[in-house]
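Since the structure comes first, as structure tokens, the remarks are kept for the end.
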Amino acid sequence: MSEPVWDEVQRETLEALGFTLWQRAAPAEALPDDPLLDALLRAAGSRRDHPDAAALCRGWGPLSRLRDPAAKRALWPRLRALRRRTRP
């Protein structure tokens, strides 16, 4: 995590003035630029820029394994379930 932006005196002063101090969120994890990954995210009803996209992709395992047709077929039921959950 990065260093605090405000020191202790500044934080106390800002809070006394009624300001709410927020912490900056960590940057989103970069996803590899791979057409298979984009296709899987679309099939799951998600997008590359969705906040949970990296966690979702990590759950699928390595992309090299998903290039195997049997592994892709085994993943389809999970993708369909995700897509059903994201639809209104």
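Considering amide H positions built from the backbone, and no H for Pro or chain starts, which residues 5 or more places from H50, or on another chain, come under 5 Å of its amide H?
Counting only residues 5 or more places away or on other chains, the set is empty.
Using DSSP to call loops (not H, G, I, E or B), can you name the GluC sites (Glu not before Pro) in region 5-60 whose Cβ has at most 13 other Cβ atoms within 10 angstrom? If you can, show how the numbers build up before the last one.
Numbers: sites: E8, E12, E15, E29; in loops: E29.
Answer in residue order: E29.
Only helical DSSP H runs with n ≥ 4 go in: add -39500 (n - 2.57) per run for the chain, normalise by residue count and round the 222 nm mean residue ellipticity to 500 deg cm²/dmol.
After summing the helix terms and dividing by residue count, I get -16000 deg cm²/dmol.
If I build a Gaussian network model for the chain, linking alpha-carbon pairs within less than 10 angstrom, which residue out of L14, L75, L37 has the largest mean-square fluctuation?
Comparing L14, L75, L37 in the GNM, the peak value goes to L14.
Return the single residue from W22, W76, W60 with maximal mean-square fluctuation; model: Gaussian network over the chain, springs between Cα atoms under 10 Å.
W22
Take every Cα pair under 8 Å in the chain that's 6+ residues apart, average their separations, divide by the length, and report that relative contact order as a whole percent. Spell out each step's value before the answer.
Details: 41 pairs, mean separation 23.8, N = 88.
Taking the mean separation of contacting Cα pairs over the length of the chain, I get 27 percent.
Over the chain, give the accessible area per residue in Å² for a 1.4 Å probe, as an integer.
Roughly 82 Å² per residue, with all protein chains present.
Which order do you get for R78, R58 if you rank them by accessible area with a 1.4 Å probe, largest at the top?
Numbers: R78 120, R58 145 Å².
Highest to lowest solvent-accessible surface, that is R58, R78.
With a sphere of radius 9 Å drawn around the Cβ of L21, what net charge do the other residues whose Cβ falls strictly inside it have (Lys, Arg +1; Asp, Glu -1)? Let's see the in-between values first.
Values: positive: R11; negative: E15.
Combined, the nearby Lys, Arg, Asp and Glu give 0.
If you bin the C-alpha pair distances of the chain every 5 Å from 0, what whole percents do you get?
Computed distribution, short to long bins: 2, 11, 19, 16, 10, 7, 7, 8, 8, 7, 4, 1, 0.
The values are calculated or read from the model by the stated rules, or taken from the named source; none is laboratory data. The shown structure was predicted, so the numbers you read here are calculated from the model rather than taken from an experiment. Heads up, the Cβs are rebuilt from the backbone with ideal geometry, glycines too, and the neighbour counts pull from every protein chain shown. We work out accessible area using only protein heavy atoms, side chains counted, and drop any ligands, DNA or RNA first. Shrake-Rupley method; radii C 1.70, N 1.55, O 1.52, S 1.80 Å.
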